[in-house]
Amino acid sequence: MVEGMDTISRTRPDDRRKRPTAAAFFDVEGTLLAAPDLAAATGPLGRLWHPPVLAALHGHAALGHLVVLVARASAAELAPIARDLAPDAVLCSRPKAPMAGQGKGYAARALLRERGILAARCYAYADEAADLPLLAEVGHPVVVGDDPVLLRHARRGNWGRLPAPGAERR
């Protein structure tokens, strides 16, 4: 395990026989959930999901990819989301060790190394420039929303794009 990282791993019953050859990392705050901060999020989770990103998560799970949630929040704050989505792993903050910026990239790289998965086969979904280290660790980065720094990288690297939360309702 990487220093400063809390990892929660789960094996779905249908995945015990085969080992994933790809992974999909989902930034939680502002990407998978429309809320930029879990502590400020109120109401039922169903209203907070960002439908295009949630659909991508389910698509990756259906393909047998390792599904990983990555969040600034703590394991306790993420528990309801983890119960609903049953990811294979959660990379989150610990006391005095936030999961942010370069830490997200390091944590993703360490998990891929530990699982023997090639980064070139992996995906990451994120919404802000601070998530660039996570996006840079995979072969298939996807920018969610309209962060100008990420859009510049997306244009240069031919990265995938998804709309910002709420954009599909406009």
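The values are calculated or read from the model by the stated rules, or taken from the named source; none is laboratory data. All of these numbers come straight from a predicted model, not from anything done at the bench. Please note: Cβ atoms are built from the backbone with ideal geometry, for glycine as well, and neighbour counts cover all protein chains shown. Calculation scope for accessible area: heavy atoms of the full protein, side chains included, ligands and nucleic acids excluded. Shrake-Rupley method; radii C 1.70, N 1.55, O 1.52, S 1.80 Å.
Here are a few things to note about the model shown:
- With all protein chains modelled, accessible area of Ser93 [1.4 Å, Å²]: 10
- Neighbourhood charge, 14 Å Cβ-Cβ cut-off, centred on Arg155 and excluding it, Lys, Arg +1 and Asp, Glu -1: +1
- Annotation: amide H-H contacts under 5 Å for Val67 (H modelled 1.01 Å from N, sequence separation of 5 or more, or interchain): Ala24, Asp88, Ala89.
- Additional length obtainable on full extension of the chain from Asp146 to Lys18, 0.36 nm per residue less Cα span: 42.4 nm
- In order along segment 111-121, phi translates into HN-Hα couplings of 5, 5, 4, 4, 8, x, 10, 6, 4, 4, 8 Hz, rounded to whole numbers, per the Karplus curve 6.51 cos²θ - 1.76 cosθ + 1.60 with θ = phi - 60° and x for Gly and Pro.
- Of Tyr123, Tyr106, the residue with the largest accessible area leads and the full order is Tyr106, Tyr123 (1.4 Å probe).
- Under-5 Å amide H pairs with Met99, H placed in peptide plane, nonlocal only: Ser93, Arg94
- For Ala35, the residues 5 or more places off, or on other chains, whose built amide H falls under 5 Å of its own are Gly30.
- Between Asn158 and Asp37, the C-beta separation translates, for a Förster distance of 30 Å, into a calculated FRET efficiency of about 0.45.
- Accessible area per residue (1.4 Å probe, heavy atoms of protein chains only) ranks Arg115, Arg83 as Arg83, Arg115, with the largest value leading.
- Remark: segment 38-170 projects, on average over all directions, an area of 8.5 nm² (convex hull of Cα atoms).
- Accessible area per residue (1.4 Å probe, heavy atoms of protein chains only) ranks Glu128, Glu137 as Glu128, Glu137, with the largest value leading.
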